[in-house]
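J.: Dropping the structure in here first, questions after.
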Amino acid sequence: MDTSFAQRRRRDLIIAAVFAVLAALVPLFVKDVYVQNIMVLTLMYAALSQSWNILSGYCGQISLGHALYFGLGAYTTTLLFTKFGVLPWFGMLGGGLISALIAMALGYPCFRLRGHYFVIATIVIAEIALLLFQNWNWAGAALGIDVPVHGDSWLRFQFTRSKLPYFYFALALACVAWLVTWWLEDSKWGYWWRAVKDNPDAAESLGVVVFNSKMGAAAVSAFLTAVGGAFYAQFVSYIDPESVMGFQFSLLMALPAVLGGIGTLWGPVLGAIILIPLTELTRSFIGGSGRGVDLIVYGTLIVLISLARPEGLVGLFSRRRKGAVQ
Amino acid sequence: MTAETIIQSLASGLLMGLLYGLIAVGLALIFGLMDVVNFAHGEFLMIAMYATFFLFAFFAIDPLLAAPLVAAALFVFGALVYLLIVRFAVRAKANAGMVQIFSTFGLAIVMRGLAQFFFTPDYRSVTHSWLGGKTVSIAGIFLPVPQLAGALVSILAFGALYFFINRTDFGRALEATREDAGAVALVGIDKNRVFALGWGLGAALVGLAGAIMAMFFYIYPDVGASFALIAYVTVALGGFGSVFGAFAGGIIVGLVEASTALLLPPSLKSVGIYAVYLLVVFIRPRGLFGSI
C-alpha cells in the first residue's frame with residue numbers, strides 16, 4: 001500500500017513534468033495570438049483553481065470569496081507600481097503576503113462557522129471589499145486603474161508585442177501551484193486537512209490542531225491566488241473592482257476544480273483545460289450576438305457535468321485505470 | 001438629520017425588509033426541508049418579474065391580479081426543477097454539497113442566458129399599474145403604496161405559510177419528511193412528491209415577491225443576482241432551518257439597510273447588511289433562530 005502510494009506520487013510527478021515540457025513547446029507551433037491568449041487564461045485558471053482547491057478541496061472549507069485575494073493581489077501590485085513606482089515583482093510578493101495575512105485574520109473568526117454559514121461569510125466579506133474598493137477614490141474607485149505601459153520589459157513585467165512571456169509566467173505559476181499541492185498532499189498538513197475535512201470533531205480528539213491547519217490552508221491558498229491576481233493585472237494592464245473582485249470571479253475560480261474533481265491533484269488542471277477554452281470559444285463564436293447563447297451552453301454543461309460526474313472528471317481516468325488493473 | 005428623516009427611512013426600511021423576508025422565505029423553506037441551497041433563487045425571482053411584466057404588457061393584467069397567476073406558474077416551475085435536476089443532485093454519492101451548489105448555479109446561468117435570448121438585455125418596467133407611483137401619508141410619514149402592498153402580501157403569506165405548515169396534512173407531511181425522510185417512506189408518504197411540492201411552494205412564494213417587485217423595480221436578465229445574495233444573507237441571519245427566522249431576518253436586513261443608507265453613501269448601503277450578518281454569526285454561529 002505504502003509503496004504503491006509512493007509509486008503513484010512519483011508517477012504523478014513524471015506525468016506533470018512531461019506535461020509541463022510539452023506545454024512549454026506548444027507556442028513554438030501555435031503562433032495565433034487569439035489561441036495563445038486562451039492558453040494563458042487556461043494556465044492562469046489552472047493555477048487559481050489549484051490554489052482554491054487547497055483550502056476548499058483538501059481542507060474542506062468551501063470558499064466562494066476567493067475573488068477577494070485575487071483582487072488584493074491585483075490591486076497591491078498595481079497601486080504600488082502606479083503610485084510608488086515599485087516593480088510588479090515586489091508587488092506580486094507583497095500582494096501575496098498581504099493576502100495571506102488577511103486570510104488568517106479573517107480565518108480567525110470565520111473558521112468557527114460551519115457549512116453554509118461559512119460559505120456565505122466568505123461571499124459577504126469579498127462583497128464588502130468590492131464595495132469599499134468601488135468607493136475608494138485614491139484607488140480609482142469604480143472606474144479602476146490603467147497600468148501605464150512603457151514597452152516591453154521583464155523588469156516591469158510588461159509586454160506589448162508578444163504574449164509569450166505571459167504564457168511562460170502563467171505556466172510557471174500553474175506548475176508552482178501544482179507542485180505545492182503535490183508536496184502538501186503527502187505532508188503532515190495534507191493528512192491533517194483530510195482529517196479536518198472528513199470529520200473535524202474526530203480529528204480534534206485525535207490531536208489534530210484543527211484551527212491551525214485551517215489557518216495554514218487559508219494562508220497558502222490566499223498567497224497563491226493573490227500572485228495570480230498580480231499576474232492578471234499585468235496581463236490585461238487595466239483593473240477595476242468588478243472585474244477582479246466580483247462574485248462571478250470567485251465562482252469561476254472554483255468551477256475548474258469542481259468539474260475536474262474537487263480535492264484531487266489533477267482535478268483543477270483537467271477542469272481548466274476543458275472549461276476555459278470552451279468558455280472563451282463559446283463567448284467569441286456564439287456570444288458575439290449578445291443574446292446569451294454562450295451562457296445557455298455553458299450553464300447546461302455545468303449542470304450536466306455536476307449531475308453526471310459528482311466526483312469530477314478525473315473519475316473517468318481512475319475508473320479506466322481500475323479496469324486495466326482488473 | 002432630523003427625527004423625521006430617521007423615522008421616514010426606517011419605515012421604508014421596514015417595508016423593504018418585509019419584502020426581503022418574502023423573497024427569502026422560499027429559500028428557507030427548501031433548505032429547511034432538504035438542506036439544499038437553491039443558487040438559482042434569484043433567477044426564480046427574475047422570471048416571476050418577467051412573467052408579471054408580460055401579463056401586464058400583453059393582457060393588461062395588473063401586477064396585483066397577476067400575482068396569484070405568477071405564483072401558480074412558479075409553483076409548477078419549482079416542482080419541475082426539483083423533478084428534473086435537484087432530485088438527481090441530492091442522489092450524488094460524492095461531494096453532495098458541491099453538486100447541489102453547482103447544479104443549481106448552472107441552472108441560474110442557463111436561465112439568465114435564456115432571458116437574454118428571449119427578452120433581450122433591455123431594462124423593462126411596468127408603467128401605470130394601479131398602485132405604481134402612488135404614495136400615502138400616515139401620521140406625517142410618506143409611504144409608497146406598492147411597497148406597502150408588498151409588505152401586506154408578505155405578512156399574509158407568512159401567516160398562511162404558518163397555518164399551512166402547522167394545521168394541514170400536507171404541512172405535517174412536510175415537517176415529517178424534513179425530520180426523517182427515510183421514516184416517512186415507511187408510512188406511505190412519497191418523499192419525492194413532498195420534496196417536489198416543497199420546491200413548488202418555495203418557488204410560488206418567490207413568485208409572489210416577483211409580481212409585487214415588478215411594480216417598482218426595473219426588470220432585466222441579471223436582476224435576480226443582487227437580490228439573491230440578500231436572500232442568502234437573510235436566511236442565514238435568521239438561521240438555516242427556520243422559516244420564522246427568514247421573516248425576522250428580512251425585517252432586520254431592511255432596517256439595517258435603511259440605517260446604513262442614512263450614515264454612509266448610498267452605494268455602501270449593503271455593507272451594513274453584510275457586517276451585521278458577520279457580527280451575528282461570529283457571536284451565534286447558527287444564526288438568530290437556526291436549529292443547525
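J.: Going through segment A:160-188 one residue at a time, which ones are in contact with a helix residue (DSSP H, G or I) (Cβ under 7 Å, 6 or more places away or on another chain) and closer than 18 Å to residue A:90 by Cα?
T.: Selection gives A:166, A:169, A:170, A:173.
J.: Evaluate segment B:144-154: report whether one residue or more is free of Cβ contacts under 8 Å to residues at least 12 places away in the same chain, more than 22 Å from residue B:63 (Cα to Cα) and surrounded by fewer than 19 Cβ atoms within 10 Å (Cβ to Cβ).
T.: If we filter segment B:144-154 for residues that are free of Cβ contacts under 8 Å to residues at least 12 places away in the same chain, which is where we start, we get B:152.
In the following step, the residues that additionally are more than 22 Å from residue B:63 (Cα to Cα) were identified as none.
Within segment B:144-154, none of the residues are free of Cβ contacts under 8 Å to residues at least 12 places away in the same chain, more than 22 Å from residue B:63 (Cα to Cα) and surrounded by fewer than 19 Cβ atoms within 10 Å (Cβ to Cβ).
J.: Looking only at segment A:78-90, decide whether some residue is crowded, with 18+ Cβ neighbours inside 10 Å, under 14 Å from the mean Cα position of the chain (by Cα) and aliphatic (A, V, I, L, M).
T.: Within segment A:78-90, not a single residue is crowded, with 18+ Cβ neighbours inside 10 Å, under 14 Å from the mean Cα position of the chain (by Cα) and aliphatic (A, V, I, L, M).
J.: If we keep just the residues of segment A:33-57 that are at pLDDT 90 or above and under 23 Å from residue A:200 (Cα atoms), which is surrounded by the most Cβ atoms within 10 Å (Cβ to Cβ)?
T.: Per the criteria, the residue is A:50.
J.: Which residue pairs have Cβ atoms closer than 9 Å, lie 6 or more positions apart in sequence or on different chains, and pair a first residue in segment A:178-199 that is loosely packed, with under 14 Cβ neighbours inside 10 Å with a second residue that is assigned to a loop (DSSP other than H, G, I, E, B) and not aromatic (Phe, Trp, Tyr)?
T.: A:198/A:60
J.: Moving on. Taking the criterion of being aromatic (Phe, Trp, Tyr), surrounded by fewer than 20 Cβ atoms within 10 Å (Cβ to Cβ), out of contact with any helix residue (DSSP H, G or I) (no Cβ under 7 Å at 6 or more places or on another chain) and closer than 18 Å to residue A:215 by Cα, would at least one residue in segment A:93-113 satisfy it? Talk me through it step by step, then tell me what you get.
T.: To start, the set of residues in segment A:93-113 that are aromatic (Phe, Trp, Tyr) comprises A:108, A:111.
Those still in the list that are surrounded by fewer than 20 Cβ atoms within 10 Å (Cβ to Cβ) too: A:108.
Filter once more, so that each one left must be out of contact with any helix residue (DSSP H, G or I) (no Cβ under 7 Å at 6 or more places or on another chain): A:108.
This time we only want the ones that are closer than 18 Å to residue A:215 by Cα, so: A:108.
Yes: segment A:93-113 contains one or more residues that are aromatic (Phe, Trp, Tyr), surrounded by fewer than 20 Cβ atoms within 10 Å (Cβ to Cβ), out of contact with any helix residue (DSSP H, G or I) (no Cβ under 7 Å at 6 or more places or on another chain) and closer than 18 Å to residue A:215 by Cα.
J.: Can residue B:195 be described as touching a residue at least 24 places away in the same chain (Cβ under 8 Å) and surrounded by fewer than 19 Cβ atoms within 10 Å (Cβ to Cβ)?
T.: Numbers: touching a residue at least 24 places away in the same chain (Cβ under 8 Å): yes; surrounded by fewer than 19 Cβ atoms within 10 Å (Cβ to Cβ): no.
In short, no.
J.: For segment A:277-296, give me the residue count where each residue is closer than 21 Å to residue A:41 by Cα and at the interface with chain B (Cβ under 8 Å from one of its Cβ atoms). Can you show your working first?
T.: In the first step, residues of segment A:277-296 are kept if they are closer than 21 Å to residue A:41 by Cα; the result is A:277-288, A:294-295.
Now restrict to residues that are at the interface with chain B (Cβ under 8 Å from one of its Cβ atoms): A:294-295.
Of the residues in that region, 2 qualify.
J.: For segment A:266-294, enumerate the residues that are crowded, with 24+ Cβ neighbours inside 10 Å and either free of Cβ contacts under 8 Å to residues at least 60 places away in the same chain or not small (Gly, Ala, Ser) (or both).
T.: The answer is A:268, A:269, A:275, A:292, A:294.
J.: Among the helices (runs of 4 or more DSSP H) contained in segment A:37-139, which hold 1 or more residues that are within 11 Å of chain B (Cβ to nearest Cβ) and β-branched (Val, Ile, Thr)?
T.: A:115-134
J.: Any chance you could count how many residues in segment B:273-283 are more than 7 Å from chain A (Cβ to nearest Cβ), buried (at least 21 other Cβ atoms within 10 Å of the Cβ) and either not β-branched (Val, Ile, Thr) or not in a helix (DSSP H, G or I) (or both)?
T.: Result for segment B:273-283: 0.
J.: In segment B:86-126, what residues are under 17 Å from residue B:35 (Cβ atoms), aliphatic (A, V, I, L, M) and over 20 Å from the mean Cα position of the chain (by Cα)?
T.: Of everything in segment B:86-126, those that are under 17 Å from residue B:35 (Cβ atoms), aliphatic (A, V, I, L, M) and over 20 Å from the mean Cα position of the chain (by Cα) turn out to be B:89, B:90, B:92, B:94, B:96, B:98, B:99.
J.: So which of B:115, B:108 ends up being facing chain A (nearest Cβ under 9 Å), touching a Pro at 6+ places or on another chain (Cβ under 8 Å) and either surrounded by fewer than 19 Cβ atoms within 10 Å (Cβ to Cβ) or of a type in the set (Gly, Ala, Ser) (or both)?
T.: Working: B:108 fails: touching a Pro at 6+ places or on another chain (Cβ under 8 Å).
After applying the criteria, what remains is B:115.
J.: Moving on. So, in segment A:127-145, exactly how many residues are within 18 Å of residue A:80 (Cα to Cα) and in contact with a Leu (Cβ under 7 Å, 6 or more places away or on another chain)?
T.: 1
J.: Mind checking whether some residue in segment B:229-237 is more than 13 Å from chain A (Cβ to nearest Cβ), under 13 Å from the mean Cα position of the chain (by Cα) and not β-branched (Val, Ile, Thr)?
T.: No - not one qualifying residue is present in segment B:229-237.
J.: Here's a check for you: in segment B:257-272, which residue that is in contact (Cβ under 8 Å) with a residue 24 or more places away in the chain and more than 10 Å from chain A (Cβ to nearest Cβ) is farthest from residue B:238 (Cα to Cα)? Quick ask: steps written out before the conclusion?
T.: Going through segment B:257-272, the residues in contact (Cβ under 8 Å) with a residue 24 or more places away in the chain turn out to be B:257-259, B:261-262, B:270.
Checking which are more than 10 Å from chain A (Cβ to nearest Cβ) leaves us with B:257-259, B:261-262.
Numbers: B:257: 16, B:258: 18, B:259: 19, B:261: 22, B:262: 24 Å.
Across segment B:257-272, the extreme among qualifying residues is B:262.
J.: Separate question: The conditions are (1) surrounded by fewer than 23 Cβ atoms within 10 Å (Cβ to Cβ); (2) over 30 Å from residue A:258 (Cα atoms), and residue B:88 fails exactly one of them. Which is it?
T.: The number of the failed condition is (2).
J.: Kindly indicate the residue of segment A:303-318 that is small (Gly, Ala, Ser) and part of a helix (DSSP H, G or I) and also surrounded by the fewest Cβ atoms within 10 Å (Cβ to Cβ) among those meeting that condition.
T.: Step by step, filter segment A:303-318, then rank; the result is A:308.
J.: Still on this structure, please answer the following. Tell me yes or no: at least one residue of segment B:51-65 is within 9 Å of chain A (Cβ to nearest Cβ), of a type in the set (Gly, Ala, Ser) and either free of Cβ contacts under 8 Å to residues at least 60 places away in the same chain or within 19 Å of residue A:254 (Cβ to Cβ) (or both).
T.: no
J.: Next question, about the same structure. Does residue A:271 qualify as being at the interface with chain B (Cβ under 10 Å from one of its Cβ atoms) and not β-branched (Val, Ile, Thr)?
T.: The answer is no for residue A:271.
The values are calculated or read from the model by the stated rules, or taken from the named source; none is laboratory data. Not measured: the values here are computed from a predicted model. Heads up, the Cβs are rebuilt from the backbone with ideal geometry, glycines too, and the neighbour counts pull from every protein chain shown.
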